[in-house]
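Trainee: Handing you this structure, nothing more for now.
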Amino acid sequence: MDPNNPGLPVCFRCTAPAVIFQRDSGHHLCGAHLVEDIESRVADLIKTRGMIAPGDRVAVALSGGKDSTALLLLLVSLLPTLHDVKLIAITIDEGIAGYRDATITAAEHLACDLGIEHHCISFPELFGNSLDVFLKGRETQACSICGILRRKALAVGARQVSATKLATGHNLDDEAQSVLMNVFRGDLPRLIRNSGTDSSGKFIPRIKPLSLIPEKEIAVYLMLKNAWKELPECPYTRYALRREVRSVLSNFEYKHPGTMLHLMESREKIEQPCTRPIIASLHSCRECGDPSSSDLCQVCSLLRSLGR
Amino acid sequence: MKLILDDRDERILKHDPAPVEQILREAGINPLDVIVSRNGNLIPEDTVVGADDVIRVIRIAHGG
């Protein structure tokens, strides 16, 4: 405990007042050592998974929310250690009234402050309508529809800026939730899909440098970097299966620290022997030519059902 | 102590010194879903807070 701050645990590395308790390791960290720890874990993951290579042009999906903000800040901080790498920020404006405008403004300011080239693409210009219009009467499917279209929009944006990698801000909580959701749905192909390093030239590899960092640590990191912004929550999250899974998993992690990491390890163990045949079996969508597991890709199939 | 919740809801708690974690659980909050500050400084959830402290709870927003 810190004698000047009664009741406050101290950093296990330097005895300064702690700002976080890492439950799985049992360590307390001060602000400076938490920042160092996160930067080091992200750098290690990028290196061990071969996420970024010399000469890469990395498109960073920047919504302006907390995870993508942390991702861009971390990649910028690691840039001196990455040889001849360029970062370009891409923001997708889905058209969600009362929500997206605030995060787009935050994204614009951040990219400008960091001196990062920034591009914005909207659903209306790409798909003909905003997400709000697409979702009229289909609100309960919001996250599936948005997810499919947003992935496509990011892929288009990444191609437009000649990116060689597409980085997203998915954190450990997001990834562990996805594992559990895919198990609940019985969706084995999606569970083991690895679009990171081996794309076999069929799409721009997508990388997730924050995928082992807990959401809470990302939030504290942003506070420490004076980059925390209180932004609105997406109005469609209340319909999401993910919301229920998040609550269950978060309670489980609280009672059994390490659960989320164990889920990720489980996925990795079954991913390696299974991924290559799935990528090899991809062919081209008959309408847009993008890689697809069936004759018509998810995006073209969805746009047809939405009346386009 | 004064507890300020994310929605600006302020509560005065008559509590003996107790870990933040215990106060959050009693308020129905999972400590993993929030960040907590005491008198303006970030603190871990196992910090013991006292009668004169002002505790602010910030929910980590999801989505986006």
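The values are calculated or read from the model by the stated rules, or taken from the named source; none is laboratory data. Everything numeric in this text was worked out from a predicted model, so none of it was measured. Quick reminder, even Gly has a Cβ in these numbers, built from the backbone with ideal geometry, and neighbours come from all protein chains shown. All accessible areas refer to the heavy atoms of the entire protein, side chains included, with ligands and DNA or RNA removed. Shrake-Rupley method; radii C 1.70, N 1.55, O 1.52, S 1.80 Å.
Trainee: If the range A:139-263 were replaced by its equivalent ellipsoid, with semi-axes equal to the square roots of 5 times the Cα gyration tensor eigenvalues, what would those be, largest first, whole Å? Show your work: numbers first, answer last.
Mentor: Numbers: eigenvalues 116, 76, 58 Å².
Semi-axes from the Cα gyration tensor: 24, 19, 17 Å.
Trainee: For the range A:137-152, in order, what is each residue's ³J(HN,Hα) by Karplus, 6.51 cos²θ - 1.76 cosθ + 1.60 with θ = phi - 60°, in whole Hz (x at glycine and Pro)?
Mentor: With the stated coefficients, the range A:137-152 comes to x, 10, 3, 5, 9, 3, 5, 5, 5, 4, x, 5, 6, 5, 4, 5 Hz.
Trainee: Follow-up. Of all alpha-carbon pairs in chain A, indicate the percentage at a distance above 35 angstrom.
Mentor: Details: 9228 of 47278 pairs.
Pairs farther apart than 35 Å: 20 percent.
Trainee: Next up: Taking only DSSP H segments of four or more residues, each worth -39500 (n - 2.57), what value at 222 nm results for chain A once the sum is divided by all its residues, to the nearest 500 deg cm²/dmol?
Mentor: On the way: 12 runs with 148 residues, N = 308.
Here the helix-only value at 222 nm equals -15000 deg cm²/dmol.
Trainee: Report ³J(HN,Hα) in whole Hz for each residue of the range B:16-26, in order, from the Karplus equation J = 6.51 cos²θ - 1.76 cosθ + 1.60 where θ = phi - 60°; Gly and Pro get x.
Mentor: The phi angles translate into 5, x, 8, x, 3, 3, 5, 5, 5, 4, 5 Hz.
Trainee: How large are Rg and Dmax for the range A:10-73 when only the alpha carbon atoms are used, in Å?
Mentor: Cα only, the range A:10-73: 14.7, 42 Å (Rg, Dmax).
Trainee: Over the C-alpha atoms of the range A:1-151, what are the Rg and the largest Cα-to-Cα span, Dmax, in Å?
Mentor: 19.8, 62
Trainee: Please list, by residue number, every one of the trypsin sites (Lys or Arg not before Pro) in the range A:55-147 that is coil in DSSP and has at most 11 other beta-carbon atoms within 10 Å. Each step should come with its number before you reach the end.
Mentor: Working: sites: A:57, A:66, A:86, A:100, A:136, A:138; in loops: A:136, A:138.
Taking the range A:55-147 and a limit of 11 other Cβ atoms within 10 Å, the loop trypsin sites (Lys or Arg not before Pro) found are A:136.
Trainee: For the pairs A:66/A:165; A:165/A:202; A:136/A:202; A:66/A:225, note any where the Cα-Cα span goes beyond 23 Å. Walk me through the intermediate numbers first.
Mentor: Working: A:66/A:165 21 Å; A:165/A:202 13 Å; A:136/A:202 34 Å; A:66/A:225 12 Å.
Violating the 23 Å limit, Cα to Cα: A:136/A:202.
Trainee: In whole Hz and in residue order, list the ³J(HN,Hα) couplings for the range A:78-88 that follow from phi through the Karplus curve 6.51 cos²θ - 1.76 cosθ + 1.60, θ = phi - 60°; x for Gly and Pro.
Mentor: Values per residue, Gly and Pro as x: 8, 3, x, 8, 9, 6, 6, 10, 10, 9, 10 Hz.
Trainee: Let me ask you something else. Hey, what's the per residue convex hull volume over the C-alpha atoms of chain B, in cubic angstrom?
Mentor: Details: hull volume 5.4 nm³, N = 64.
So the per-residue hull volume is 85 Å³.
Trainee: How large is the direction-averaged shadow of the alpha-carbon convex hull of the range A:97-179, in nm²? Kindly include the intermediate steps, with their values, before the conclusion.
Mentor: Details: hull surface 27.7 nm².
Reported value for the Cα convex hull: 6.9 nm².
Trainee: What residues have an amide H closer than 5 Å to that of residue A:63, excluding those fewer than 5 places away on the same chain, when H is modeled at 1.01 Å from N in the peptide plane?
Mentor: Excluding prolines and chain starts, which carry no amide H, the hits are A:68.
Trainee: If exposed means no more than 15 neighbouring beta carbons inside 10 Å and the site is in a DSSP loop, what's the longest run of chain A without any exposed GluC sites (Glu not before Pro)? Walk me through the numbers on the way to the answer.
Mentor: On the way: sites that count: A:230, A:233, A:287.
Answer from the scan: A:1-229.
Trainee: Ignoring ligands, DNA and RNA, please state the percent of accessible area on the protein assembly as shown from carbon and sulfur, probe 1.4 Å.
Mentor: On the way: 8920 of 17380 Å².
Within the protein assembly as shown, the accessible surface is 51 percent carbon and sulfur.
Trainee: Let me ask something else. Comparing the chain by itself with all protein chains present, which residues of the range A:66-87 are at least 20 Å² less accessible (probe 1.4 Å)?
Mentor: Residues meeting the cut-off: A:66.
Trainee: Nearest 100 Å² is fine: what is the total accessible surface buried where chains A and B meet, probe 1.4 Å? Show your work: numbers first, answer last.
Mentor: Details: alone 15520 and 4340 Å², together 17380 Å².
By this definition, chains A and B bury close to 2500 Å².
Trainee: Over the protein assembly as shown, give the accessible area per residue in Å² for a 1.4 Å probe, as an integer.
Mentor: Details: 17380 Å² over 372 residues.
Per residue, the protein assembly as shown has 47 Å² of solvent-accessible surface.
Trainee: Mind checking the range B:11-64 for trypsin sites (Lys or Arg not before Pro) that DSSP puts in a loop (not H, G, I, E or B) and that have at most 16 other Cβ atoms within 10 Å? It would help to have the intermediate numbers written out before the result.
Mentor: Values: sites: B:11, B:14, B:25, B:38, B:56, B:59; in loops: B:14.
Passing both the DSSP loop test and the Cβ count: B:14.
Trainee: Report, to the nearest 10°, how far helix A:241-255 tilts away from the longest principal axis of the Cα atoms in chain A, using its own Cα long axis and a range of 0 to 90°.
Mentor: Orientation of helix A:241-255: about 20 degrees from the principal axis.
Trainee: In terms of modelled amide H atoms, which long-range or inter-chain residues lie less than 5 Å from the amide H of residue A:85?
Mentor: It is A:55, by chain and number.
Trainee: List every residue whose amide H lies under 5 Å from the amide H of residue A:27, counting only residues 5 or more places away in sequence or on a different chain, with H placed 1.01 Å from N in the peptide plane.
Mentor: Long-range HN contacts for residue A:27: A:22.
Trainee: Where the centroid of each part is defined by its Cα atoms, how far is the range A:211-259 from the range B:8-34 in Å?
Mentor: Distance between centres, Cα-based: 18 Å.
Trainee: Give the share of C-alpha pairs in each 5 angstrom bin for the range A:212-276, from 0 to the last occupied bin, in whole percents, shortest bins first.
Mentor: 4, 13, 14, 18, 19, 19, 8, 4, 1
Trainee: When the convex hull of the Cα atoms of the range A:55-109 is projected onto a plane and the area is averaged over all directions, what value comes out in nm²?
Mentor: For the Cα atoms of the range A:55-109, the hull's average projected area reads 3.8 nm².
Trainee: Taking the simple approach of a point 7 Å from Cα along Cα-to-Cβ for both residue A:262 and residue A:161, what is their distance in nm?
Mentor: 3.9 nm
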